[in-house]
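What follows is a short report on a single structure.
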Amino acid sequence: MGTVLGQQLVNALQLGSAYALLAVGYTMVYGVLRMINFAHADVFMIAAYIGFAVFNVLHLTSGVAAFIICILAAMAGAAALSLIIERVAYRPIRNAPRLSAMITAIGVSLVLEHGSRALPFPGPAFRRYPDLIAPARFQIGGIFFTQTVVFTLATSVVLMLVLTYIVSRTMIGKAMRACSFDKEAALLMGIDINRIIAYTFAIGAAEAGAAGVMWSLAYPMIDPYMGLMPGIKAFVSAVLGGIGSVPGALLGGLILGGTETAIAAFLPSMYRDALAFTILAAVLIFRPTGLFGVGVVEKV
C-alpha cells in the first residue's frame, strides 16, 4: 500500500508542478493589471513547439544537455512572444474597460491557436515529442522513477525557488509588488510601469515555457490545442490559491495535481477534468478569495 501511495505522490508532484508553473503567469499578470491573460496557455503551447524544433533542428541527442537547451530555448521564446503580445495587444487597451481587455485576450488566444494550425509548422497534425532525456527507469524503495520524472521535478523546484527569490528579494520583484498594490503611487515613486509590466509578462511566460516542455515529456503528443485543458486547470489552480498570490498559485497547482492523481487512481479517468470545474465552483462559492487571497473593497 505504501508503495502505491508513494508512486501516486510522485505522479501528483509531476502533474502539480506543471500546473503550478503555468498558474504563476495567470496570477502575476492579474496581480499587476487585474486582467486574465487567456493567451497564456497558448504561449505554453508555442513553447512546447519551440523545444521540439530546437531538438530537431540542432540534431540533439537525448541527454541532460538536450533537456537544458530545449528548456532554456522554450523559456526564452515564450518570454519573447509574451513581450510582443503585451506590447501589441494589451498595452494599447490598458486603460480600457476590463471587458475589452478580456475580449482582446481571447482574440489573441484564438489567433495563436488557429494561426499555428494554418502554418506549415506547427501545423494541424499531432506530433510525437522527442525523448529529451533517455527513458531510463530505476526503483527506489519500491517506487519507480524515470530520468524524465527526476529532471522535471528538479527543474520545477529550481524554477519555483528562483521565482520566489525574484518576487520577494529583488528590486524588480519589489517593483512588481508595488505596482500590484497601487500603480499610480508606484509611478509617482519613479517606477517605470511599462517596464515592470513587461517584466511580469516575460517572467510568467518563461515559467509557462518550461512547463510546456515538461508537460510534453509527460504527455508526448503535441498539437495546437494542447494548451486548452492545462490552461483551464492552471487558472483553477491560481483561483484556488488566491488569484494574484504567487505562493498561492504554486500551492494551488500542487493541490490540484494531487487531487487529480487521487481521483484517477480510484475512479474512472473521465472524472479528472470534471474535478477542475467542481473545485473552481466550490472555491467561488465558499471562498472567492482563495487560500491566500485577500478581499479588497472597491469604492464606486
Considering residues of the stretch 3-62 that are farther than 19 Å from Trp215 by Cα and small (Gly, Ala, Ser) only, the residue farthest from the chain's Cα centre (by Cα): Gly6
Restricting the stretch 260-278 to residues that are within 14 Å of Gln8 (Cβ to Cβ) and without any contact (Cβ under 8 Å) to a residue 24 or more places away in the chain, the residue that is nearest to the chain's Cα centre (by Cα): Arg272
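Filter the stretch 47-77 down to residues that are touching a Pro at 6+ places or on another chain (Cβ under 6 Å) and closer than 19 Å to Gln147 by Cβ, then give me how many there are.
Number satisfying all stated conditions: 1.
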So Met189, is it over 27 Å from Ile255 (Cα atoms), at pLDDT below 95 and not small (Gly, Ala, Ser): yes
Among residues of the stretch 268-300, those that are assigned to a loop (DSSP other than H, G, I, E, B), modelled with pLDDT of 80 or more and either more than 15 Å from Ile243 (Cβ to Cβ) or touching a helix residue (DSSP H, G or I) at 6+ places or on another chain (Cβ under 6 Å) (or both), counted: 3
Criterion (of a type in the set (Gly, Ala, Ser) and over 16 Å from Ile203 (Cβ atoms)) met by exactly one of Gly63, Gly77, Gly31: Gly63
Scope the stretch 105-116; condition under 9 Å from Phe38 (Cα atoms) and hydroxyl-bearing (Ser, Thr, Tyr); matching residues: Ser109
Conditions (1) under 29 Å from Ala12 (Cβ atoms); (2) assigned to a helix (DSSP H, G or I); (3) at pLDDT below 95: number failed by Ile243: (2)
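The values are calculated or read from the model by the stated rules, or taken from the named source; none is laboratory data. Since the structure is predicted, the reported quantities are computational estimates derived from the model, not experimental observations. A quick note on method: Cβ atoms are made from the backbone with ideal geometry, for glycine too, and the neighbour counts reach across all protein chains shown.
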